[in-house]
Amino acid sequence: METLTLTRPDDCHLHLRDGPALAAVLGDTARRFARAVVMPNLSPPLTTVDAALAYRDRILEALPMGADFTPLMTLYLTEATSARQLTAAKAGGVVGVKLYPAGATTHSDAGVGRVEAVYSALETMQALDLPLLVHGEVTDPAVDVFDREAVFIDRHLAPLVARFPQLRVVLEHVTTREGVDFVRDARPGVAASITPQHLSMNRSALFEGGLRPHHYCLPILKREPHRAAVLEAAISGDARFFLGTDSAPHARGDKQSACGCAGIYSAHAGIEFYAEAFDQAGALDRLEAFAAHHGADFYLLPRNTGTLTLRRGAMAVPESLPFGDDRLIPLRAGGDVAWQVAD
Ligand code: DOR
Ligand code: ZN
């Protein structure tokens, strides 16, 4: 197969930032994806529906001319999130509420300290049928960074999913065999998004010939058997697994630093990386459902009607990309990706 025409895909987990950074990256996503679930971890975080909808307007204003792209907004969950805010969010078209354990990752300081402290908000979300999107890592410094997802599932996610049996839950950017197994064995309404980096790289990619800050994201890359489990879930055809790039741009200097930020920018080849991985696994026929059907179905949205055609053939990735006044180092910088958008 040399070309592949898909229903236009959705990116079910994306960081777009704001201001000049937003303007720099948005076109990459809009060219490929019809919609994206946009994360609320701005500074300050989007804790109110008014803030989320104002951000939505800024995204629409920043779209390149002629782009056909719909941002799907999320709310940032705190221990102070009220039932009134959640009700207004649902009415305002917000598609999900993001739980960041406080301190787990970029701009998560305002997140949740004790998961039990948001149980009443989760009760409201369950009643509203407003999905919970979870960054599934404990922040306990005693837990090894490579174990934080598995421990989060045992300590927090499994009890939460049992306690709120109707709440729809996404384990975002699943990275481990334990995470994949948890979703597979869970009740209906539990799903996971999968990033291109966790499909295609293991933790050795952090240390290839030296320290590789541009491969650092959270949750961190895991051992090879975990990568294999994540890939297997993605290509399985199981509707509980869907595409979410977690493309997370940071300026070059913020990554190449004594204390570098977590986040990998992948939107410049946001569908191509998946096509390459599915192709290598002999599963190109499963890409469309993973990229365009499963996420829409989970979010109870109509599937997209347009199409996107991909073509086999090496696409060179630039060494860096413009990022406002700064530069951004994209995933696979200076290398190439085996598939490209055809048009
Ligand atoms: O690597 C990450 N970067 N993980 C996250 O959870 C947040 C993201 C970001 O916003 O940069
Ligand atoms: Zn993210």
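Looking across the stretch 111-128, the residues that are closer than 20 Å to LEU46 by Cα, open to solvent by 40 Å² or more (accessible area, probe 1.4 Å) and without any contact (Cβ under 8 Å) to a residue 40 or more places away in the chain come down to GLY113, ARG114, SER120.
Would you say TYR100 is within 14 Å of ligand 1 (Cβ to nearest atom) and touching a His at 6+ places or on another chain (Cβ under 6 Å)? The answer is yes for TYR100. Scanning the stretch 172-185 for residues that are under 17 Å from GLY295 (Cα atoms) and surrounded by 16 or more Cβ atoms within 10 Å (Cβ to Cβ) yields GLU172, HIS173, VAL174, VAL180, VAL183.
Of the candidates ALA314, ALA283, ALA291, ALA262, the single residue that is surrounded by 14 or more Cβ atoms within 10 Å (Cβ to Cβ) and touching a strand residue (DSSP E or B) at 6+ places or on another chain (Cβ under 7 Å) is ALA291.
Okay, residues lined up against (1) more than 23 Å from ASN41 (Cβ to Cβ); (2) touching a residue at least 24 places away in the same chain (Cβ under 8 Å); (3) within 16 Å of the chain's Cα centre (by Cα):
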| site | (1), (2), (3) |
| --- | --- |
| SER266 | no, yes, yes |
| PHE273 | no, yes, yes |
| ASP279 | yes, yes, no |
| GLU288 | yes, yes, no |
| PHE323 | no, yes, no |
| LEU328 | no, yes, no |
| GLY335 | yes, no, no |
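The set of residues in the stretch 14-27 being of a type outside the set (A, V, I, L, M, F, W, C) and either within 16 Å of ligand 2 (Cβ to nearest atom) or modelled with pLDDT under 95 (or both) consists of HIS15, ARG17, ASP18.
Out of all the residues in the stretch 13-37, which are among the β-branched types (Val, Ile, Thr) and not in a helix (DSSP H, G or I)? Correct list: VAL37 only. I'm told VAL138 meets every condition in (1) within 16 Å of ligand 2 (Cβ to nearest atom); (2) free of Cβ contacts under 8 Å to residues at least 40 places away in the same chain; (3) open to solvent by less than 20 Å² (accessible area, probe 1.4 Å) except one. Can you identify the failing condition by its number? The one condition VAL138 does not meet is (1).
In the stretch 244-254, is there at least one residue being surrounded by fewer than 18 Cβ atoms within 10 Å (Cβ to Cβ), modelled with pLDDT of 95 or more and under 20 Å from PRO219 (Cβ atoms)? Scanning the stretch 244-254, I find at least one residue that is surrounded by fewer than 18 Cβ atoms within 10 Å (Cβ to Cβ), modelled with pLDDT of 95 or more and under 20 Å from PRO219 (Cβ atoms), so the answer is yes. Evaluating ALA89 against the criteria (1) in a loop (DSSP other than H, G, I, E, B); (2) closer than 18 Å to ARG168 by Cα; (3) not acidic (Asp, Glu) leaves one unmet condition, (1).
Tell me which residues, restricted to the stretch 255-307, are of a type in the set (Lys, Arg) and in a loop (DSSP other than H, G, I, E, B). ARG303 - this is the single residue of the stretch 255-307 that is of a type in the set (Lys, Arg) and in a loop (DSSP other than H, G, I, E, B).
Within the stretch 202-240, being within 13 Å of ligand 1 (Cβ to nearest atom) and open to solvent by less than 60 Å² (accessible area, probe 1.4 Å) holds for LEU206, PRO213, HIS214, HIS215, CYS217, LEU218, PRO219, ILE220, LEU221.
Here are some residues: ILE264, ILE271. Which one is of a type outside the set (Phe, Trp, Tyr) and within 16 Å of ligand 2 (Cβ to nearest atom)? When all the criteria are applied, what remains is ILE264.
Within the stretch 23-48, being within 13 Å of ligand 1 (Cβ to nearest atom) and of a type outside the set (Val, Ile, Thr) holds for MET39, PRO40, ASN41, LEU42, SER43, PRO45, LEU46. Scanning the stretch 80-110 for residues that are open to solvent by 40 Å² or more (accessible area, probe 1.4 Å) and within 23 Å of VAL143 (Cα to Cα) yields GLY103, HIS107, ASP109, ALA110. Annotation note: of MET65, MET73, the sole residue that is closer than 24 Å to LEU16 by Cα and without any contact (Cβ under 8 Å) to a residue 24 or more places away in the chain is MET65. Set side by side, the residues PRO40, PRO64, PRO45 differ, and just one is open to solvent by less than 10 Å² (accessible area, probe 1.4 Å), of a type outside the set (Ser, Thr, Tyr) and part of a loop (DSSP other than H, G, I, E, B), which is PRO40. A single entry from GLU2, GLU79 fulfils the requirement of being in contact (Cβ under 8 Å) with a residue 60 or more places away in the chain, out of contact with any His (no Cβ under 8 Å at 6 or more places or on another chain) and either at positive phi or more than 16 Å from ligand 1 (Cβ to nearest atom) (or both): GLU2.
The values are calculated or read from the model by the stated rules, or taken from the named source; none is laboratory data. These figures come from a predicted structure and were not determined experimentally. Heads up, the Cβs are rebuilt from the backbone with ideal geometry, glycines too, and the neighbour counts pull from every protein chain shown. Keep in mind that these areas ignore ligands, DNA and RNA; they rest on the heavy atoms of the full protein, side chains included. Shrake-Rupley method; radii C 1.70, N 1.55, O 1.52, S 1.80 Å.
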